[in-house]
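Working notes for the structure below.
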Amino acid sequence: SSKTFWTTTGMFPQEFIIGFPKCVKISKVAIQCYLVRTLRIERSVSKDPVGFEQCIEKDLQHTEGQLQMEEFPLPDFQATYLRFIIKSAFDHFVSVHRVMAEGT
């Protein structure tokens, strides 16, 4: 829902995990967030959310008063779980409004 979001508790790093019913092919991940400075995305192809490996780490642009919208192309990428780690922020609290994964 565009009216809901996830917010951090004020200390970093913060993380959340998204799980898929089975291992899927992902071609792109997009995120809408606010005040995130450094974001890392990791993946796991295990049946359980363990054994994560780093895929992307990026410093995001500060967009005062607006949501940050970032897309990460992931060619030939498979995952059962995605872990998003907010390593640092532009403020004490940040929010994540939407995460989208495209693929099959």
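The values are calculated or read from the model by the stated rules, or taken from the named source; none is laboratory data. Computed from a predicted structure; not experimentally measured. We place every Cβ from the backbone using ideal geometry, glycine too, and count neighbours over all the protein chains shown. For accessibility, only protein heavy atoms count, side chains too; no ligands or nucleic acids. Shrake-Rupley method; radii C 1.70, N 1.55, O 1.52, S 1.80 Å.
Do we find that Gly10 is at pLDDT below 95, on the phi > 0 side of the Ramachandran plot and out of contact with any Gly (no Cβ under 9 Å at 6 or more places or on another chain) in this structure? It is true that Gly10 is at pLDDT below 95, on the phi > 0 side of the Ramachandran plot and out of contact with any Gly (no Cβ under 9 Å at 6 or more places or on another chain). Scan the range 1-21 for residues that are over 18 Å from Glu102 (Cα atoms) and assigned to a strand (DSSP E or B) and the total you get is 5. In the range 88-104, the qualifying residues are those that are β-branched (Val, Ile, Thr) and part of a strand (DSSP E or B), and the one that is surrounded by the most Cβ atoms within 10 Å (Cβ to Cβ) is Val96.
Residue check: is Val24 among the aliphatic types (A, V, I, L, M) and part of a loop (DSSP other than H, G, I, E, B)? So Val24 does not fit the description; no. Among all positions in the range 67-87, there is at least one residue which is open to solvent by less than 80 Å² (accessible area, probe 1.4 Å), within 18 Å of Gln14 (Cβ to Cβ) and not in a strand (DSSP E or B). Screening Val50 on (1) in contact with a strand residue (DSSP E or B) (Cβ under 7 Å, 6 or more places away or on another chain); (2) modelled with pLDDT under 95 shows it passes everything except condition (2). Can you find even one residue in the range 39-46 that is on the phi < 0 side of the Ramachandran plot and touching a Pro at 6+ places or on another chain (Cβ under 7 Å)? Within the range 39-46, none of the residues are on the phi < 0 side of the Ramachandran plot and touching a Pro at 6+ places or on another chain (Cβ under 7 Å).
Can you name every residue in the range 56-82 that is out of contact with any Ser or Thr (no Cβ under 7 Å at 6 or more places or on another chain) and under 14 Å from Ile17 (Cα atoms)? Scanning the range 56-82 gives a single hit, Leu82. Cβ-Cβ under 7 Å, sequence separation 6+ or interchain: first residue in the range 61-89 and under 21 Å from Val50 (Cβ atoms), partner crowded, with 19+ Cβ neighbours inside 10 Å and of a type in the set (Asp, Glu). Which pairs? Qualifying pairs under 7 Å: Arg83/Glu42; Ile85/Glu42.
Taking first residues from the range 49-60 that are touching a residue at least 24 places away in the same chain (Cβ under 8 Å) and farther than 11 Å from Arg37 by Cβ and partners that are open to solvent by 60 Å² or more (accessible area, probe 1.4 Å) and assigned to a strand (DSSP E or B), the Cβ contacts under 9 Å between residues at least 6 apart in sequence or on separate chains come to Pro49/Ile17; Phe52/Ile17; Glu57/Lys87.
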